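Coordinate-derived values only; no laboratory data. None of these values were measured; they are calculated from a predicted model. Positions of Cβ are generated from backbone atoms using ideal geometry, with glycine treated the same way; all protein chains shown enter the neighbour counts.
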Amino acid sequence: MRQPLSSSPRTTEAPDESRDRIASVLDPFQPHVLSAFRVVVGLLFACHGAATLFDVLGGPASGQGPAVAEWPGWWAAAIQLGGGILVLAGVFTRPAALLCSGSMAYAYFVEHQSEGLFPIENGGNLSALYCWAFFLIAVFGPGRWTVTSVLQRARSAR
């Protein structure tokens with residue numbers, strides 16, 4: 001028979017001690033997890049741009065790609081592809097992520113917001129998620145694994 005929770009020895013542990021113990025285990029992984037997050041978000045975003053611009057990976061979501069330089073579809077796809085690749089590689093990460101975040105904020109408020117208050121109502125889930133994911137990357141930086149850091153290490157080794 002299980003003992004009641006109140007008699008568990010863990011209940012005497014202060015919440016701060018438990019949080020500190022968890023943090024001490026997870027904190028060393030932060031730069032690596034941030035890098036993995038950046039790589040995945042950048043790759044997925046670049047795939048959206050490639051699908052729209054080059055009719056690959058299932059093609060554009062609308063079924064037909066935009067004409068070259070058509071506003072806003074072609075420009076959005078160009079930002080998705082170019083910004084996604086830069087973020088993925090960790091090159092000019094913060095400015096690229098900020099541009100990607102802004103483009104998704106624009107997409108949300110211009111294309112989706114008029115359809116309903118919440119993203120689940122207006123179909124803007126991806127726009128909202130990408131906006132905040134890229135904003136997080138812009139604020140916290142690229143993490144440890146970047147093309148820029150590899151190039152800097154190679155230069156300093158000379």
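Rg over Rh for the chain works out to 1.16, both radii taken from alpha-carbon positions and Rh defined as the Kirkwood radius.
When the chain is treated as a GNM with alpha-carbon contacts under 10 Å, the residue of Leu126, Leu88, Leu43 showing the greatest mean-square fluctuation is Leu126.
Using only Cα atoms, find the angle between the long axis of helix 30-54 and the longest principal axis of the chain, and express it within 0 to 90 degrees, rounded to the nearest 10. Between the helix axis and the principal axis of the chain, the angle is about 20 degrees. Here the 3J(HN,Hα) profile of region 76-90, calculated from phi with Karplus coefficients 6.51, -1.76 and 1.60 at θ = phi - 60°, is 4, 5, 5, 5, 4, 5, x, x, x, 5, 4, 5, 4, 7, x Hz, Gly and Pro shown as x.
Packing-based ranking of 114-124, 95-105, 148-158 yields 95-105, 114-124, 148-158, ordered from highest to lowest mean Cβ neighbour count within 10 Å.
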